[in-house]
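Here is the structure we will look at, set down as C-alpha cells.
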Amino acid sequence: MIITIDGPVGSGKSTVAKLLARRLGYAHMDTGAMYRAIGWKAYITRTNLNDEELERLCVNTGLQLELIDDHQKVYIDGKDVSAEIRTPEISRMASLVSTFASVRRYLVRTQRETGLGWDRQYGGMVAEGRDMGTVVFSETPYKFYLDADIEERGIRRWEELKARGIDADLDETIKELVKRDENDKGRSIDPLKKAEGATVIDTTGLTLDGVVEEIIKVINQKNN
C-alpha cells in the first residue's frame, strides 16, 4: 500500500507522515529532502541554475536514501547530508531547483524507484512531498492533502528552526513561507495542488495524533 501526503511547508505533513508510517509499520519517504539534497549540491558547487547545468549535476550525483530505525538518512555521493540540508538557505535552493524540468525528471524517477522498492520491502510506504499524489504515485487511491492557516504554519516552521539551533525571526519565517507557497503553487511544472480524489485535512488547531487518526479512518473506509 502506498499512501501519499502532500501539502505546503508547515502543514504538518512531515511529522504526520512519520507518525502514520510508524503506526502502520510502513516505510516513510520524505521526498522534500531529495530536492534539498540537489539544492545543497548546487549550492556548494555554485552550479548555474539552468536546465543544462542542473541536468549535468543530477547525472553526476549519487543520491541515496536509507532508513535506519525508521529515520531517513540522505546521502550525496556517499556523504551523509541529512543535517546540512535543513538550513533556510538550502530550503530556498530546494524551492529554486524544483522549478527545473531536468531536476524534476531525475527526482521523480528516483522517488518512484525508491518508493516502489520500499513498498515491497516494508509492506507499505508513506510518501510525503508536494507532488506525490498528483505525479509520482498518482495511481494510488490513498491520497491526502494537508494544509493550515499561514500563521500557524509559520509558528510551526519557526519552532522547528529554533529546535535545530537556527536563529530565526517569526515574521521573516512567515514571509519566507508565503514566498515558498508562491513558488511551489505557481511553477509551470508539477505545481503544488490537491490531487484528484485526495482527502483534504485542515490541520489548524488539530493535534498530530488527531490527524493520523483521521487518515487511518479514511483508509479503513476505502478498504471497506
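Where a number appears in this text, it was derived from the coordinates with a stated rule and is not lab data. Because the structure is a prediction, the values reported are computed rather than measured. Here Cβ is always computed from backbone atoms with ideal geometry, including for glycine, and neighbour counts include all displayed protein chains.
Some observations on this one:
- Nonlocal amide H pairs with Gly124, under 5 Å, H built at 1.01 Å: Ala27
- Of the GluC sites (Glu not before Pro) in the stretch 20-64, not one is in a loop by DSSP (not H, G, I, E or B) with at most 14 other beta carbons within 10 Å.
- Part-to-part distance (alpha-carbon centres) for the stretch 160-224 and the stretch 17-94, which is given in Å: 19
- Taking the Cα centre of the chain as reference, the dipole from Cβ charges on Lys and Arg (+1) and Asp and Glu (-1) amounts to some 460 debye.
- Among Arg157, Arg92, Arg46: highest mean-square fluctuation, GNM of the chain, C-alpha pairs under 10 Å: Arg46
- Working from label points 7 Å from Cα in the Cα-to-Cβ sense, the Thr45 to Asp169 distance is 3.4 nm.
- The chain: DSSP helices with Cα axial extent of at least 20 Å and average Kyte-Doolittle hydropathy no lower than -0.5: 208-223
- Note on the stretch 81-201: lysine pairs with Cα distance below 28 Å, sequence gap of 8 or more or different chains, count 14.
- Net charge of Cβ neighbours under 13 Å - reference Gly115; Lys, Arg +1; Asp, Glu -1: -3
- The candidate values are [x] 36, 18, 16; [y] 25, 21, 17; [z] 32, 18, 17; the one derived from this structure for semi-axes √(5λ) of the Cα gyration tensor in Å carries the label [y].
- Ellipticity estimate at 222 nm from DSSP helix runs (n ≥ 4, -39,500 (n - 2.57)) divided over the chain, nearest 500: -16500 deg cm²/dmol
- Contour minus Cα-Cα distance for Glu213 and Tyr75 (0.36 nm per residue): 46.5 nm
- Taking the chain as a Gaussian network of alpha-carbon nodes connected by springs under 10 Å, the highest mean-square fluctuation of the residues Thr204, Thr45, Thr87 belongs to Thr45.
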